[in-house]
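Working notes, structure below.
The values are calculated or read from the model by the stated rules, or taken from the named source; none is laboratory data. Just so it is clear, the structure is predicted and the values come from calculations on it, not from any experiment. Using ideal geometry, Cβ is built from the backbone for each residue, glycine included, and neighbour counts are taken over all protein chains shown.
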């Protein structure tokens with residue numbers, strides 16, 4: 001049966017925060033909250049475990065890193081004065097940009113789920129945990145911090161292929177990413193031009209571009225490793241392991 005879905009995000013928490021008025025003053029409460037983010041360690045542990053597998057969870061890594069940067073408030077204040085930091089205005093029409101941000105969030109959310117579920121898939125094999133990914137996705141419902149309107153799409157993908165190594169290899173997920181890819185690139189471009197940090201969006205896009213590349217420039221990394229530390233490399237035109245006495 002052909003799947004045709006229109007997944008939605010679950011942004012009600014963020015929506016409510018934007019709309020909340022300050023009960024101790026005027027204006028919006030969000031503008032009065034400190035920008036030094038706290039952490040309970042969940043993201044850090046996820047990144048550490050992913051590195052040990054090893055498997056990339058770059059969107060989570062970026063989020064953890066930005067929280068760490070946010071804690072450097074005094075240094076950031078000094079740097080803002082030193083570099084005379086100012087952010088430009090987005091050049092896109094407001095309504096058009098809202099649509100672009102929506103699609104960018106959709107795209108990046110899918111990438112984040114894809115990375116996390118790929119990590120579970122590998123961890124299940126490495127640690128002999130026998131995790132059922134369809135069931136794992138199914139229980140992330142109302143009341144769960146990672147619930148999403150995208151979960152039925154992911155559930156169906158793993159039902160049809162329980163050994164799917166990455167959601168990006170599912171046809172329906174691929175179609176959704178292709179529909180929203182252009183708007184993510186536009187948002188990342190605007191963020192870079194205006195000086196707005198958008199690490200998770202940028203990381204999601206870089207992961208996507210790398211994952212769908214049949215050949216990456218990491219052949220240079222392999223050559224550098226061999227040059228510096230004789231770590232050897234493989235060739236694409238013949239089998240075996242090689243080392244070169246570099247000039």
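Worth a mention:
- Output for segment 205-220, where each listed residue is exposed (fewer than 13 other Cβ atoms within 10 Å of the Cβ) and closer than 26 Å to residue 181 by Cβ: 209, 212, 213, 214, 215, 216, 217, 218
- A residue that is in contact with a helix residue (DSSP H, G or I) (Cβ under 9 Å, 6 or more places away or on another chain), surrounded by fewer than 16 Cβ atoms within 10 Å (Cβ to Cβ) and over 14 Å from residue 100 (Cα atoms) occurs somewhere in segment 180-193.
- Of all residues in segment 1-30, none that is outside the structural domain of residue 161 (by TED's automatic domain parsing) and outside any helix (DSSP H, G or I) has its Cβ atom under 7 Å from the Cβ atom of a residue that is modelled with pLDDT under 65 and surrounded by 10 or more Cβ atoms within 10 Å (Cβ to Cβ), 6 or more apart or on another chain.
- Counted residues, segment 169-179 - those being crowded, with 18+ Cβ neighbours inside 10 Å and closer than 29 Å to residue 90 by Cβ: 3
- Test for residue 234: is it modelled with pLDDT under 95 and not assigned by TED's automatic domain parsing to the domain that holds residue 117: no
- Qualifying residue in segment 31-41 (condition: assigned to a helix (DSSP H, G or I) and either in the same structural domain as residue 205 (by TED's automatic domain parsing) or crowded, with 19+ Cβ neighbours inside 10 Å (or both)): yes
- Candidates are the residues of segment 194-204 that are within 16 Å of the chain's Cα centre (by Cα) and outside any helix (DSSP H, G or I); the one that is surrounded by the most Cβ atoms within 10 Å (Cβ to Cβ) is 198.
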